[in-house]
Amino acid sequence: MPPADRVDWWREITSRDLVPTAITVGDAGGFQAAADHLQLGAAGMSALEFTSLRSDRTRRLIRSSDPEWWEFGFVRAGTMLLERDRTRTVAGAGDMLLFGTSHPYEAHAFADAEPARLLLLHIPRSCVPFPERRLLGSASRPFPSQSGPGALLARFMAGCAEQMASLDASVARHLEPAAIGLATAFAASLMGEEDRMPPTRQEALALQVRTFVLDHLHEPGLSPAVIAAAHGISVRYLHHLFHGSGESVGEFIRSRRLRKCCADLLDPALKNVTVSEVGARWGFQDGSSFNRAFKARYGIPPGEHRRLGGPRPHNGG
């Protein structure tokens with residue numbers, strides 16, 4: 001690839017497989033990067049390699065596309081500097097980092113003679129049963145990966161990276177419980193709440209239900225009755241699991257489908273897919289109902305969202 005095209009290619013790759021960020025590099029002609037991705041059911045892992053760069057996740061970019069992930073980072077080479085909420089975290093090789101895609105950040109990578117290397121484990125926010133603000137507050141420093149839950153998580157991530165080329169997708173999805181469990185144990189250790197592990201049966205079931213929903217968003221027939229039947233519980237108890245979360249079962253399904261549609265509408269690889277087809281990809285069988293739901297959520301129709309390159313701020317959430 002010509003050196004002049006590498007930075008734009010990297011922006012496209014990271015926007016598609018990770019999240020949109022504003023990327024700048026000091027030496028565009030000498031920029032090098034590589035990325036591999038492994039899907040682990042509702043979770044995922046990326047192995048990244050790059051020369052020095054800056055990556056900004058702004059509020060505007062968050063509004064345009066947010067998978068609502070917790071990002072568990074394992075630095076394997078180079079130095080990473082992460083700034084967010086007036087805090088600065090510097091992590092070197094062997095350190096662990098934690099940040100979220102739903103909050104603005106400014107990240108700098110510093111490579112030496114060799115490119116910086118970073119492993120990122122993407123865990124849906126709904127699968128980590130801790131208050132978001134408390135977890136962010138506990139993650140304002142780097143953490144060593146030599147002992148405890150950090151060591152277990154780092155070894156799992158390193159093992160997945162080493163086996164990426166040989167792991168079949170049908171096998172890799174069975175690693176989801178291990179990925180979520182190890183990440184949650186690590187998050188618990190950051191807050192000094194190991195006594196909360198393992199979660200109660202109700203917490204575990206709630207996480208299982210949410211993961212099931214995320215895995216089946218594309219199915220038009222996904223409904224409370226289908227979800228309850230798949231888990232051997234009543235619809236009434238299913239609604240009880242969501243009580244207090246701020247969203248009903250139906251609202252959870254609809255909001256996650258809309259976020260998937262929001263991202264797909266901005267994906268250059270899907271530019272020839274019509275707006276209605278994008279909605280149908282994520283369970284909206286009727287184009288008019290998709291348009292109404294999207295506008296109610298983002299304040300503009302999906303076609304305008306695609307044309308503008310992202311939604312405008314909207315008080316309706």
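The values are calculated or read from the model by the stated rules, or taken from the named source; none is laboratory data. Treat the numbers as computed from the prediction; the structure is a model and nothing was measured. Glycine also receives a Cβ, built like all others from the backbone with ideal geometry; neighbour counts cover every protein chain displayed.
Would it be correct to say that residue 280 is over 26 Å from residue 208 (Cβ atoms), of a type in the set (Gly, Ala, Ser) and surrounded by 17 or more Cβ atoms within 10 Å (Cβ to Cβ)?
Yes; evaluated as a whole, the condition is true for this residue.
Per the listing 306, 297, the residue uniquely under 20 Å from residue 125 (Cα atoms), in contact (Cβ under 8 Å) with a residue 24 or more places away in the chain, part of a helix (DSSP H, G or I) and out of contact with any Asp or Glu (no Cβ under 8 Å at 6 or more places or on another chain) is 297. Residues satisfying the criterion are absent from the range 74-83 (criterion: free of Cβ contacts under 8 Å to residues at least 60 places away in the same chain and of a type in the set (Phe, Trp, Tyr)). Answer yes or no: is there a residue in the range 242-256 that is within 30 Å of residue 12 (Cα to Cα), surrounded by fewer than 17 Cβ atoms within 10 Å (Cβ to Cβ) and either among the aromatic types (Phe, Trp, Tyr) or under 19 Å from the mean Cα position of the chain (by Cα) (or both). Looking for residues that are within 30 Å of residue 12 (Cα to Cα), surrounded by fewer than 17 Cβ atoms within 10 Å (Cβ to Cβ) and either among the aromatic types (Phe, Trp, Tyr) or under 19 Å from the mean Cα position of the chain (by Cα) (or both), one finds at least one in the range 242-256, hence yes. From the list 98, 82, 118, the lone residue that is of a type in the set (A, V, I, L, M), over 22 Å from residue 6 (Cβ atoms) and more than 14 Å from the chain's Cα centre (by Cα) is 82. Condition check for residue 47 on (1) without any contact (Cβ under 8 Å) to a residue 60 or more places away in the chain; (2) of a type outside the set (D, E, K, R); (3) more than 18 Å from residue 260 (Cα to Cα): one failure, at (1).
Does the range 308-316 contain any residue that is of a type in the set (S, T, N, Q) and more than 29 Å from residue 180 (Cα to Cα)? Can you show your working first?
First pass over the range 308-316, keeping only residues of a type in the set (S, T, N, Q): 315.
Add one more test, that the residue is more than 29 Å from residue 180 (Cα to Cα), and what stays is 315.
Yes, some residue in the range 308-316 is of a type in the set (S, T, N, Q) and more than 29 Å from residue 180 (Cα to Cα).
Residues considered: 59, 54, 11, 16. Of these, the only one that is in contact (Cβ under 8 Å) with a residue 24 or more places away in the chain, within 20 Å of residue 264 (Cβ to Cβ) and surrounded by fewer than 19 Cβ atoms within 10 Å (Cβ to Cβ) is 16.
Screening the range 112-143 for residues that are in a loop (DSSP other than H, G, I, E, B) and out of contact with any strand residue (DSSP E or B) (no Cβ under 9 Å at 6 or more places or on another chain) and picking the one that is farthest from residue 204 (Cα to Cα) gives 113. Could you check, for the range 245-261, whether at least one of its residues is of a type in the set (Val, Ile, Thr), in a helix (DSSP H, G or I) and out of contact with any Ser or Thr (no Cβ under 9 Å at 6 or more places or on another chain)? Scanning the range 245-261 turns up no residue that is of a type in the set (Val, Ile, Thr), in a helix (DSSP H, G or I) and out of contact with any Ser or Thr (no Cβ under 9 Å at 6 or more places or on another chain).
Set side by side, the residues 192, 150 differ, and just one is in the same structural domain as residue 46 (by TED's automatic domain parsing) and part of a helix (DSSP H, G or I), which is 150.
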